[in-house]
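The structure appears right after this line, and notes come after that.
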Amino acid sequence: MSPLVTVDDVVRTFRRGPSTVHALGGVSLSLVPGELVALVGRSGSGKTTLLNVVGGLDRPDGGEVTIDGEKLGSMDDAGLQRLRRGRVGFVFQSFGLLPFLSARENIGVPLRMLRTPATERDRRVDELLHVVGLEPHAEQRPGELSGGQQQRVAIARALAPRPGLLLADEPTGQLDSETGQTVVGLLRDLVHDASSAALVATHDETLVSYADRVLHLHDGRIEAAPQD
Ligand SMILES: Nc1ncnc2c1ncn2[C@@H]1O[C@H](COP(=O)(O)OP(=O)(O)OP(=O)(O)O)[C@@H](O)[C@H]1O
């Protein structure tokens with residue numbers, strides 16, 4: 001199967017005062033549709049930096065990211081913004097929901113940004129509320145939902161435009177282990193069903209056990225997979 005995402009020798013360095021931090025020191029990987037890949041590594045190993053570069057939130061200093069055959073390095077800022085709106089979904093540890101909107105309205109936000117017609121938008125939001133099991137809570141605001149419910153809203157929102165690629169940074173970090181397990185199982189099923197690819201940075205052993213593949217980052221480099 002041809003890859004949906006390829007990351008080729010990506011380098012990202014940051015200046016911190018007089019010193020240089022090599023956050024990514026030549027990372028290469030690829031993701032095919034339908035796989036959930038866990039990205040593990042110690043704090044500071046470069047996981048968030050890699051997700052940001054793959055999703056076009058940050059530009060690398062070297063190397064290339066290709067999504068669906070399109071090179072991100074050739075896109076201007078408007079092109080990257082279009083990519084993020086339509087083809088890449090982000091799920092963050094802190095959920096990132098708008099506090100004054102209901103669950104239903106939060107899920108619909110990316111579709112509003114894409115100017116999806118209202119009837120189609122409503123249909124898609126209803127479908128997602130059903131998929132993540134939040135129909136009874138559709139009109140509640142984030143502050144009236146549990147952590148697991150908020151994370152399910154965030155996942156539904158990320159999936160609303162049917163992105164080919166889902167990027168998640170510690171999506172279970174704020175959840176107790178049982179809720180985390182529910183969210184991870186849901187995430188995996190959604191990725192498999194929609195043939196999306198997901199790259200998920202995590203410290204969570206349960207999430208790692210649900211992944212199709214695990215990539216280990218160490219000091220900004222992917223380590224060879226341990227032999228089993
Ligand atoms: N904007 C920035 N400016 C300077 N240094 C940065 C910046 N962003 C990241 N870094 C540095 O790059 C390295 C990698 O950081 P990154 O956040 O990607 O790690 P991480 O693996 O996601 O860590 P954690 O698990 O704690 O979230 C760290 O040394 C960090 O301090």
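The values are calculated or read from the model by the stated rules, or taken from the named source; none is laboratory data. Fair warning: this is a prediction, and the values are worked out from it, not measured in the lab. Ideal geometry is used to build each Cβ from the backbone, glycine not excepted, and the neighbour counts take in all protein chains shown. When the accessible area is computed, the model is the full protein with side chains, heavy atoms only, and any ligands, DNA or RNA have been set aside. Shrake-Rupley method; radii C 1.70, N 1.55, O 1.52, S 1.80 Å.
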Take Phe100 and tell me if it is over 23 Å from Val183 (Cβ atoms), surrounded by fewer than 20 Cβ atoms within 10 Å (Cβ to Cβ) and touching a residue at least 24 places away in the same chain (Cβ under 8 Å).
yes
Return the residue satisfying two criteria in turn: it lies in region 76-99 and is of a type in the set (S, T, N, Q) and assigned to a loop (DSSP other than H, G, I, E, B), and of such residues it is nearest to the ligand (Cβ to nearest atom).
Gln93
Name the pairs whose Cβ atoms lie under 7 Å apart, with the first residue in region 195-221 and of a type in the set (Gly, Ala, Ser) and within 15 Å of the ligand (Cβ to nearest atom), the second assigned to a strand (DSSP E or B) and open to solvent by 80 Å² or more (accessible area, probe 1.4 Å), and 6 or more positions between them or separate chains?
Gly220/His22
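Given the structure, is Gly73 more than 13 Å from the ligand (Cβ to nearest atom) and outside any strand (DSSP E or B)?
Details: more than 13 Å from the ligand (Cβ to nearest atom): yes; outside any strand (DSSP E or B): yes.
When the stated conditions are applied, Gly73 passes them.
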Using the structure shown, decide if Gly62 is more than 10 Å from the ligand (Cβ to nearest atom), modelled with pLDDT of 95 or more and more than 23 Å from Arg188 (Cα to Cα).
yes
Just checking, does region 137-152 include any residue being closer than 30 Å to Arg42 by Cβ, among the polar types (S, T, N, Q), within 16 Å of the ligand (Cβ to nearest atom) and open to solvent by 10 Å² or more (accessible area, probe 1.4 Å)?
no
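Conditions tested, residue by residue: (1) out of contact with any strand residue (DSSP E or B) (no Cβ under 6 Å at 6 or more places or on another chain); (2) within 30 Å of Asp61 (Cβ to Cβ).
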{"position": "His137", "(1), (2)": "yes, no"}
{"position": "Glu144", "(1), (2)": "yes, no"}
{"position": "Gln150", "(1), (2)": "yes, no"}
{"position": "Ala168", "(1), (2)": "no, yes"}
{"position": "Val184", "(1), (2)": "yes, no"}
{"position": "Leu190", "(1), (2)": "yes, no"}
{"position": "His203", "(1), (2)": "yes, yes"}
{"position": "Leu215", "(1), (2)": "no, yes"}
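Scan region 31-43 and tell me whether some residue there is more than 16 Å from the ligand (Cβ to nearest atom), assigned to a strand (DSSP E or B) and open to solvent by 50 Å² or more (accessible area, probe 1.4 Å).
Taking region 31-43 and keeping what is more than 16 Å from the ligand (Cβ to nearest atom), we get 31-36.
Retained after the next criterion (residues that are assigned to a strand (DSSP E or B)): 31, 36.
Restricting the remaining residues to those that are open to solvent by 50 Å² or more (accessible area, probe 1.4 Å) gives none.
No, region 31-43 has no match at all.
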Give the number of residues within region 154-206 that are buried (at least 18 other Cβ atoms within 10 Å of the Cβ) and among the acidic types (Asp, Glu).
3
